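S.K.: Sharing a structure with you now.
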Amino acid sequence: MNKLSGKDTAIAVARAMDDKKAEDVQILRMSENMAETDYFVICSCTSFPHMQSITQAVREAMEQHNVDLRQQEGRDNNHWILLDYGAVVAHIFLESERKYYNLEKLWADAERIPFQE
């Protein structure tokens, strides 16, 4: 049973990414913009192994908090991995893909949530 709020789940995802040296970790509050999820957590990584390391860290952190993974899109050599936790969707990009899709610009009006102390 998930005891974390959506915001606390997003912060836990962002911290797991940050612990693995993900680049430019951002939390966007999406609840005003879409019905499907409350938060996007977005990061960049430098290589496929780095992407796998970040993905594994996020999955382990969510398992520790008993937050169920609903769906994962992208594996192995994809340039973008999406982890859907319901209220929170994690987007793990190779830098070139992140620049191409530019979710922060697409959702420029979304509130940014700090995650570091």
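The values are calculated or read from the model by the stated rules, or taken from the named source; none is laboratory data. In this text the structure is predicted, and so the values were computed from the model without any measurement. When we count neighbours, we look across all protein chains shown, and the Cβ atoms used for this are built from the backbone with ideal geometry, even at glycine.
S.K.: Regarding residue 98, is this residue of a type in the set (Lys, Arg), surrounded by fewer than 15 Cβ atoms within 10 Å (Cβ to Cβ) and more than 19 Å from residue 32 (Cβ to Cβ)? Steps first, please.
M.R.: Numbers: of a type in the set (Lys, Arg): yes; surrounded by fewer than 15 Cβ atoms within 10 Å (Cβ to Cβ): no; more than 19 Å from residue 32 (Cβ to Cβ): yes.
So residue 98 does not fit the description; no.
To keep it simple, each residue is scored yes or no on (1) of a type outside the set (A, V, I, L, M, F, W, C); (2) modelled with pLDDT of 95 or more.
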site: 41; (1), (2): no, yes
site: 46; (1), (2): yes, no
site: 57; (1), (2): no, yes
site: 74; (1), (2): yes, no
site: 88; (1), (2): no, yes
site: 91; (1), (2): yes, yes
site: 97; (1), (2): yes, no
site: 106; (1), (2): no, no
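S.K.: Take the range 1-22 and flag every residue that is among the hydrophobic types (A, V, I, L, M, F, W, C) and crowded, with 16+ Cβ neighbours inside 10 Å. I'd like the intermediate steps shown before the answer.
M.R.: In the first step, residues of the range 1-22 are kept if they are among the hydrophobic types (A, V, I, L, M, F, W, C); the result is 1, 4, 10-14, 16-17, 22.
4, 10, 11, 12, 13, 14, 16, 17, 22 - these are the residues of the range 1-22 that are among the hydrophobic types (A, V, I, L, M, F, W, C) and crowded, with 16+ Cβ neighbours inside 10 Å.
S.K.: Which one of the conditions (1) out of contact with any Gly (no Cβ under 6 Å at 6 or more places or on another chain); (2) under 26 Å from residue 4 (Cβ atoms); (3) among the aliphatic types (A, V, I, L, M); (4) outside any helix (DSSP H, G or I) does residue 108 fail to meet, given that it meets all the rest?
M.R.: (2)
S.K.: Out of all the residues in the range 64-81, is one or more closer than 17 Å to residue 20 by Cα and not hydrophobic (A, V, I, L, M, F, W, C)? Reasoning before the result, please.
M.R.: In the first step, residues of the range 64-81 are kept if they are closer than 17 Å to residue 20 by Cα; the result is 64, 80-81.
Then keep just the ones that are not hydrophobic (A, V, I, L, M, F, W, C); that gives 64.
Looking through the range 64-81, at least one residue is closer than 17 Å to residue 20 by Cα and not hydrophobic (A, V, I, L, M, F, W, C).
S.K.: Suppose the filter is in contact with a strand residue (DSSP E or B) (Cβ under 6 Å, 6 or more places away or on another chain), crowded, with 16+ Cβ neighbours inside 10 Å, assigned to a strand (DSSP E or B) and not hydroxyl-bearing (Ser, Thr, Tyr); does residue 72 pass it?
M.R.: Taking the combined requirement at face value, the residue does not satisfy it.
S.K.: Can you tell me which residue in the range 1-37 is farthest from the chain's Cα centre (by Cα), limited to those that are of a type in the set (D, E, K, R) and under 13 Å from residue 90 (Cβ atoms)?
M.R.: Of all residues in the range 1-37, those of a type in the set (D, E, K, R) come to 3, 7-8, 15, 18-21, 23-24, 29, 32, 36.
Restricting the remaining residues to those that are under 13 Å from residue 90 (Cβ atoms) gives 15, 18, 20.
Working: 15: 10, 18: 11, 20: 13 Å.
My answer is 20.
S.K.: Select from the range 34-55 the residues that are of a type in the set (D, E, K, R) and surrounded by 12 or more Cβ atoms within 10 Å (Cβ to Cβ) and list them in ascending order.
M.R.: Passing the criteria: only 38.
S.K.: I need every pair where a residue in the range 92-114 that is in contact (Cβ under 8 Å) with a residue 24 or more places away in the chain has its Cβ under 6 Å from the Cβ of a residue that is basic (Lys, Arg), sequence separation at least 6 or different chains.
M.R.: 110/29; 111/29; 113/29
S.K.: Mind checking which residues of the range 23-33 are assigned to a loop (DSSP other than H, G, I, E, B) and surrounded by 19 or more Cβ atoms within 10 Å (Cβ to Cβ)?
M.R.: 30, the sole residue that qualifies.
S.K.: Still on this structure, please answer the following. In the range 53-63, is there at least one residue being in a loop (DSSP other than H, G, I, E, B), in contact (Cβ under 8 Å) with a residue 24 or more places away in the chain and polar (S, T, N, Q)?
M.R.: Looking through the range 53-63, none of the residues is in a loop (DSSP other than H, G, I, E, B), in contact (Cβ under 8 Å) with a residue 24 or more places away in the chain and polar (S, T, N, Q).
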